[in-house]
Protein chains: 2
Amino acid sequence: MTPAPDRLSPIFAALADPTRRAILAMLLEDDMAVTDVAEPFQMSLAAISKHLQVLAEAGLISREKRGRVIWCKLEPDALKAASVWMQGFGQFEPVDLDALERFLEVELAEGPEEA
Amino acid sequence: MTPAPDRLSPIFAALADPTRRAILAMLLEDDMAVTDVAEPFQMSLAAISKHLQVLAEAGLISREKRGRVIWCKLEPDALKAASVWMQGFGQFEPVDLDALERFLEVELAEGPEEA
DNA sequence: GGCTCATTCAACCTTTCGGTTGACGATTGC
DNA sequence: GCAATCGTCAACCGAAAGGTTGAATGAGCC
């Protein structure tokens, strides 16, 4: 039996890297060109390009070429699948926005300027 | 700048493996001994032991030795942290329990008896 | 004490991951 | 046309993941 392609694993794997989570947080603000995504990080453009590839294959972002610039855009629906899966474990309060803010702050503080 | 230990990455990394997600789903039903956790899978006991190690280091489960048996227990609070992080991307409807059930079914169907 | 069962440890292997560098194809601007 | 810019590709590297097997540890049973 063709065992139902595993869409969840690539999503979680993509989220497992702090650089990629930082990229997602940046894209939350606005669509960005690849070069601009790479700018805050200390690694090479090629490395960022690979990270974007991973995110795109997980369905977390999409990339659209306009002229010679490729624009990256957040695709939140993929995260929805993972989020729904996780809701099964423990009956959390639906959404705790204060906690979210704290986590995002920590992520953004440690993300771009620190490996 | 002490770069704030990254608690999120190990959690997502742990969730990125379908075997480990299947284990979590099993533990959702009840606490289990290591041997019993391993039973439905086709891999060696040592491999399962390593998976449990990964889950424990991510904080997703705890292990308690009683007699010569080690009991594994789900620790949903770790998932809460990750869940909260994810809520920031896209304003999903709080919780879609029907969708959750569908996902869990797919996971359980493809998980234990298929690599 | 000695056997058995539950679990981990240790060593090993292969594949994937995350990064580098340098060359390359497109696209734009002068 | 030519040069600079945007982004990816290809080859390479070291480290980590995910699995195996076999030996070791520890608790319980008789």
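Of the residues making up segment B:46-79, those that are assigned to a strand (DSSP E or B) and not β-branched (Val, Ile, Thr) are B:62, B:63, B:64, B:65, B:66, B:71, B:72, B:73, B:74.
The set of residues in segment A:1-51 being away from every other protein chain (no Cβ under 13 Å) and either charged (D, E, K, R) or touching a Lys or Arg at 6+ places or on another chain (Cβ under 7 Å) (or both) consists of A:30, A:31, A:36, A:39, A:50, A:51.
In summary, residue B:67 fulfils each of the numbered conditions (1) at pLDDT below 95; (2) away from DNA strand D (no atom under 11 Å from the Cβ) with the single exception of condition (2).
Given the structure, is residue A:38 within 11 Å of DNA strand D (Cβ to nearest atom) and under 13 Å from the mean Cα position of the chain (by Cα)? The answer is no for residue A:38. Please determine, by comparing only the residues of segment B:1-45 that are within 10 Å of DNA strand C (Cβ to nearest atom) and not in a helix (DSSP H, G or I), which one is nearest to residue A:11 (Cα to Cα). My answer is B:16.
Counting only residues that are at pLDDT below 95 and surrounded by 17 or more Cβ atoms within 10 Å (Cβ to Cβ), segment B:7-23 holds 1 of them.
Look at (1) out of contact with any Ser or Thr (no Cβ under 7 Å at 6 or more places or on another chain); (2) touching a residue at least 24 places away in the same chain (Cβ under 8 Å) and you find that residue B:53 fails only one, number (2).
The values are calculated or read from the model by the stated rules, or taken from the named source; none is laboratory data. Because the structure is predicted, anything quoted here is derived from the model rather than measured. Using ideal geometry, Cβ is built from the backbone for each residue, glycine included, and neighbour counts are taken over all protein chains shown.
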